[in-house]
Structures are given as structure tokens and as C-alpha cells.
Amino acid sequence: MKNIIIFIFCGILLGSLQAQTVKRASMPLEHGAHRTGPRTDDAMQKWRENGLGQFIHWGVYAIPGGHWNGETYRGAAEWIRSWNKMPKADYDNLYKQFNPKSFNAKQWAKQARDMGARYMIITTKHHDGFCLWPSRYTGYTIAATPYGKDIIGELVDAYNAEGIDVTLYFSIIDWNHKGYRSSPPKTDGEKAAYEEFKQFTRNQLIELLANYPTAKGLWFDGTWDEAWIQQAPWVDELETELRAMRPGLVIGSRFRADDHGKRHYDSNGDLLGDYDQTWERNMPGKIEELNGVDWDCVMTIPENQWGYHSDWSLTYVKKPYELIEMIVKAVSMNGNFVLNFGPDGNGNIRPEETHIAKEIGAWMKVNSEAIYGCKNSPWEKQDWGYYTQKGDNKLYLTVFNQPLNGQVRVKVPKCKDDQKVMIVEKAYFLADRKAATVKNAGRDKYGNIYYDIDSPAVKSGSPYVVVLEIKEVNKEERDNYQQAII
Ligand code: H79
């Protein structure tokens with residue numbers, strides 16, 4: 001009898017342990033994720049297929065460009081208002097000088113298109129509260145500057161004309177609104193002011209969607225304040241309202257918290273919003289870190305400068321080669337890569353950024369087939385670079401680290417059906433469509449099959465793409481295929 005009881009007890013214990021390991025946390029949440037798993041609609045699919053985007057940080061911070069009174073601010077230029085050496089009143093009057101005479105939305109859009117960007121994110125309002133559109137709800141906007149015209153409107157039109165989708169960046173932090181605060185309001189007066197701030201925020205978001213009917217997404221920032229986190233139920237309602245206003249609207253994970261103040265991923269581990277927005281100036285090392293979600297990586301060219309800082313000598317500045325690698329790496333892990341530009345106070349894109357845009361554009365012109373519409377490939381990553389894949393049959397190998405012997409080795413995955421074998425039907429270089437020779441490179445002791453692709457040394461120095469058209473065939477058919485000598 002005793003043994004039976006112990007047996008049953010062990011059974012229950014084992015069962016409960018098993019349940020813990022296979023099941024994720026599952027607690028009822030009123031304001032958790034609205035969905036588990038990625039969105040499947042066309043608007044999201046289009047977003048997913050963009051591959052490369054452009055971010056633009058532009059506002060009155062571009063006027064000081066990281067300097068005030070002969071001194072240099074070493075922080076991010078768009079944060080200069082928070083620097084104690086810059087009087088707040090001086091900053092808050094900068095808009096009176098904002099008159100970017102060289103601004104030409106069409107030129108920016110053309111440059112973005114030539115770079116290969118498929119979507120663009122523009123700062124409608126950063127933490128300082130200055131609005132690049134003529135908002136009805138505050139006087140602190142482009143309408144009050146000598147420039148006067150609606151910059152967001154100009155940009156949306158110009159980028160759309162180049163076939164580029166626009167997403168609106170919006171900071172919840174607003175240092176210009178008197179009701180804004182970071183810590184939760186306590187007194188009745190504070191609470192009333194914060195309610196006003198919330199309504200103001202809602203009004204502005206509705207206004208933006210109404211003014212720019214082609215905008216495809218909202219990219220939120222400055223949502224980490226405890227005051228905002230505590231508004232989770234209200235923000236959830238607002239998100240639902242915005243989505244109802246614009247079917248297909250794409251919103252990332254940085255807008256609202258869940259019932260317990262969890263951000264990005266709710267208390268059950270499910271993504272809040274349509275894509276993971278945690279990859280800011282940072283990139284996952286491998287796809288396993290990503291929980292199968294959509295994501296974007298927003299990246300600066302210097303270390304941490306988003307708005308215009310005139311002195312880039314203070315930081316490391318990324319090279320086109322590194323940025324191209326980041327684009328390919330992001331797409332190889334199902335992400336979009338979004339590169340930031342910070343135009344100056346006159347509306348010029350600085351020469352360093354123009355140079356980088358041209359270099360990336362030149363590469364994209366030849367190789368973008370390996371980027372747009374591509375996703376992660378099940379082929380095991382090798383040290384020469386990254387795989388991207390389109391559908392089941394087209395594999396792109398972007399080679400960054402050219403082996404000195406000119407042989408790019410691939411490890412062929414085993415087919416699920418063990419009567420089948422993976423063959424390479426066609427292999428060619430993307431740049432000139434010339435055929436590439438694929439040789440059998442034998443098996444390892446585990447039975448894994450390898451191929452070597454002959455890559456002439458002349459192609460080294462710049463990342464290049466080899467396309468493999470692959471197919472699963474029955475083992476007896478394999479001799480019909482030149483590449484399948486295994
Ligand atoms: O717009 C660009 C930056 O100005 C903005 N996001 C990009 C796209 C940005 N603002 N702040 N940060 C980036 C860094 C945020 C740091 C944080 Fe914190 C650390 C947020 C929460 C912890 C610092 C400490 C700010 C609040 C507490």
C-alpha cells in the first residue's frame with residue numbers, strides 16, 4: 001500500500017514537472033498580447049519583406065548639432081536639452097530659427113530609394129516635444145517656425161512617390177507638455193495634469209493618422225516611464241482605437257505594458273505588438289534569441305548619435321561594409337534593418353551619410369535579390385557569411401569572409417524524407433549570373449554532406465552573392481543532376 005502511494009506521488013510529481021517544462025507561463029491577462037504568433041495579413045507581410053529601411057531623426061536639435069556656447073555635448077545630439085550646460089529656455093526658443101533652406105524632401109527620398117530602402121521612419125515628435133507637423137494641439141510645431149510648411153506632409157508625399165512606405169516615429173516623452181511626467185502622479189492636481197497629457201497624446205496620434213492616410217506604421221519611443229507603464233489599460237484601448245482607424249497598421253512592442261508592467265513581452269512571454277522593438281543599436285547573435293517573432297534593428301552610423309551632431313570624430317563611425325553585413329545578418333534572421341540619418345539644421349544630409357548611402361545603394365543594386373522578401377534559411381550558418389532564402393528553393397549565400405582557397409563550403413541539410421536527397425539544380429553568381437561550379441566535398445563522420453563552390457579570388461574584397469537553386473529529389477534520381485555526386 002505504502003509503495004502504491006509513493007508510486008502515485010512520484011507520478012504526480014513527475015507529471016507536474018513535465019507540465020512546467022513544456023508549458024510556458026499562462027496567466028490570465030486583461031492587457032497582454034492580443035495574439036500569439038506572427039501576423040499573417042498582407043500589410044504585415046509587406047512590412048516583413050522590406051528588409052532595409054531608413055530612419056530619420058530631425059528636429060530643432062539639429063541646429064545646435066551637439067554644441068552650445070562653444071562647448072561640446074558628448075551625449076546623443078537629440079538629447080542636448082537635457083544637458084545642464086544648455087539653458088532650457090535657449091533650447092525651447094530654437095524653433096524660432098528653424099528654417100532649413102536646403103531641405104528638399106524629393107532629394108532625401110531619391111537618396112533613400114537609391115540606397116535600397118523600402119520604408120522610412122520619421123521623427124514626427126522627439127522627446128523635446130517639437131512637432132514636425134502643424135499639430136492643432138500645441139503651438140510648439142513647424143507651423144510656428146520661419147519655415148512654416150508641413151515637413152511630415154512633404155516627406156510622406158516625396159517618399160511615397162518613390163515607392164517607399166512611411167512609418168511615423170512618435171515619442172511619448174514630451175518635455176514641452178506641462179502635464180507630462182515620468183513618475184506616477186500623486187496629488188489631484190498632478191493627476192488632472194497627467195489626464196490632460198494623455199488626452200493630448202491621443203489627440204496627436206489620431207491627428208497623425210488622419211493627416212497622413214498612407215502612413216503604414218507607428219514607431220513608439222519614450223515609453224519606459226513608470227507613469228506611462230501604469231496607464232496600461234488606457235494605452236491598450238488607445239492601441240485598439242488606432243488599429244481600428246487604420247486597418248493593417250503596424251505597431252511594435254514599445255507602446256504599452258501589460259497588467260503587471262511588463263514591457264515588450266507580456267507576463268506570459270508573448271510579444272506585445274506586431275514586432276519586437278528591443279533591438280536598438282544592437283543585434284541578436286543568432287535566430288534562437290528571437291522566439292520566432294518579427295523584429296527590426298534600428299542602427300546609428302556613429303556609436304550613439306541619432307540627431308545631427310556636427311562632430312563625428314568623437315565616436316567610431318561604421319563603415320559601409322559593416323553596415324551591409326548588418327543588413328544581410330538581420331534579414332538572415334527574419335528582421336528588418338533600419339539605418340539612421342540625422343540631417344543638419346539646414347536640411348542637408350551630411351556627406352558621410354551620403355557616401356554610406358551610395359555605397360550601400362551600389363551593393364543593393366547588384367544584390368538586393370538576396371534581401372527583399374528573403375527570410376531565414378534552414379541551412380546551417382557557415383563562417384564565410386550568411387544564408388538568406390526565398391521560398392523553398394532559392395538560397396542566397398552572401399560571402400563576407402572569402403576563404404583564401406576560393407572554395408565556399410556548404411553543409412547540405414538532410415531531407416526530412418530519408419528517401420530523398422537535396423540537390424543543387426543551378427548555381428550562379430548574382431552579380432553577373434555566370435554559373436558557379438559546385439563540387440562534392442564528401443561527408444563527415446556523421447554522414448553530413450558538403451559541397452564546395454568555386455569562387456574566383458577576384459571576387460574577394462567585396463561581399464558577393466552566390467545563388468543556389470535547390471530541390472529535393474528521390475535518391476535514385478540524383479544521378480541526373482550534375483551537382484548531386486554523393
Ligand atoms: O530616438 C533615439 C534616441 O534618442 C531614443 N531612441 C532612439 C531611437 C532613446 N532615448 N533614450 N534612449 C534611446 C536610451 C534609453 C535608455 C534607457 Fe533609460 C535606459 C531607457 C530606460 C533605461 C535612461 C535611463 C532613460 C531612462 C532611464
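The values are calculated or read from the model by the stated rules, or taken from the named source; none is laboratory data. Fair warning: this is a prediction, and the values are worked out from it, not measured in the lab. Positions of Cβ are generated from backbone atoms using ideal geometry, with glycine treated the same way; all protein chains shown enter the neighbour counts.
A few remarks follow.
- Residues that are in contact with an Asp or Glu (Cβ under 8 Å, 6 or more places away or on another chain) and either within 16 Å of Ala330 (Cα to Cα) or aromatic (Phe, Trp, Tyr) (or both) within the stretch 349-373 comprise Tyr372, Gly373, listed in sequence order.
- Leu218 in a helix (DSSP H, G or I), in contact with a Leu (Cβ under 8 Å, 6 or more places away or on another chain), of a type in the set (A, V, I, L, M) and buried (at least 16 other Cβ atoms within 10 Å of the Cβ): no
- Of the residues Glu369, Glu359, Glu322, the single one that is farther than 30 Å from Gly148 by Cβ and touching a helix residue (DSSP H, G or I) at 6+ places or on another chain (Cβ under 8 Å) is Glu359.
- Count of the stretch 96-111 residues which are over 30 Å from the mean Cα position of the chain (by Cα) and either part of a helix (DSSP H, G or I) or small (Gly, Ala, Ser) (or both): 2
- The set of residues in the stretch 183-232 being under 26 Å from Asn160 (Cα atoms) and within 16 Å of the ligand (Cβ to nearest atom) consists of Gly217, Leu218, Trp219, Phe220, Asp221.
- For the stretch 259-269, the condition holds for at least one residue, the condition being that it is more than 15 Å from the ligand (Cβ to nearest atom) and of a type in the set (Gly, Ala, Ser).
- From Lys471, Lys475, Lys381, residue being within 26 Å of Glu359 (Cβ to Cβ), basic (Lys, Arg) and touching a residue at least 40 places away in the same chain (Cβ under 8 Å): Lys381
- The test for being within 16 Å of the ligand (Cβ to nearest atom), over 29 Å from the mean Cα position of the chain (by Cα) and either at pLDDT 95 or above or part of a loop (DSSP other than H, G, I, E, B) (or both) does not hold for Pro146.
- Number of positions in the stretch 300-320 that are within 19 Å of Ala370 (Cβ to Cβ) and either crowded, with 22+ Cβ neighbours inside 10 Å or within 16 Å of the ligand (Cβ to nearest atom) (or both): 0
- Residue in the stretch 229-243 that is basic (Lys, Arg), in the same structural domain as Ala117 (by TED's automatic domain parsing) and not in a loop (DSSP other than H, G, I, E, B) present: yes
- Neighbours by Cβ (under 6 Å, 6+ apart or cross-chain): first from the stretch 69-82, part of a helix (DSSP H, G or I); second among the hydroxyl-bearing types (Ser, Thr, Tyr): Ala77/Tyr61; Ala77/Tyr308; Glu78/Tyr61; Ile80/Tyr61; Ile80/Tyr73; Arg81/Tyr91
- Where Arg409 falls short, out of the listed (1) surrounded by 18 or more Cβ atoms within 10 Å (Cβ to Cβ); (2) in contact with a strand residue (DSSP E or B) (Cβ under 6 Å, 6 or more places away or on another chain); (3) more than 20 Å from Lys475 (Cβ to Cβ): (1)
- From the options Lys110, Lys96, Lys85, Lys101, residue that is away from the ligand (no atom under 16 Å from the Cβ) and without any contact (Cβ under 8 Å) to a residue 40 or more places away in the chain: Lys85
- The single residue among Leu339, Leu323 that is in contact with a strand residue (DSSP E or B) (Cβ under 7 Å, 6 or more places away or on another chain), away from the ligand (no atom under 16 Å from the Cβ), of a type outside the set (Gly, Ala, Ser) and within 13 Å of Gln54 (Cβ to Cβ) turns out to be Leu323.
- Some residue of the stretch 449-469 being touching an Asp or Glu at 6+ places or on another chain (Cβ under 9 Å), more than 30 Å from Met44 (Cβ to Cβ) and not hydroxyl-bearing (Ser, Thr, Tyr): no
- Per the listing Ile173, Ile122, the residue uniquely within 14 Å of the ligand (Cβ to nearest atom) and in contact with a Leu (Cβ under 7 Å, 6 or more places away or on another chain) is Ile122.
- Checking each residue in the stretch 418-471 for being acidic (Asp, Glu) and either in a strand (DSSP E or B) or buried (at least 20 other Cβ atoms within 10 Å of the Cβ) (or both) picks out Glu425, Asp452, Asp454, Glu469.
- Screening Gly65, Gly70, Gly32, Gly51 for residues that are within 16 Å of the ligand (Cβ to nearest atom) and at pLDDT 95 or above leaves exactly one candidate, Gly65.
- Residues that are over 27 Å from the mean Cα position of the chain (by Cα) and among the hydroxyl-bearing types (Ser, Thr, Tyr) within the stretch 56-95 comprise Thr72, Tyr73, Tyr91, Tyr95, listed in sequence order.
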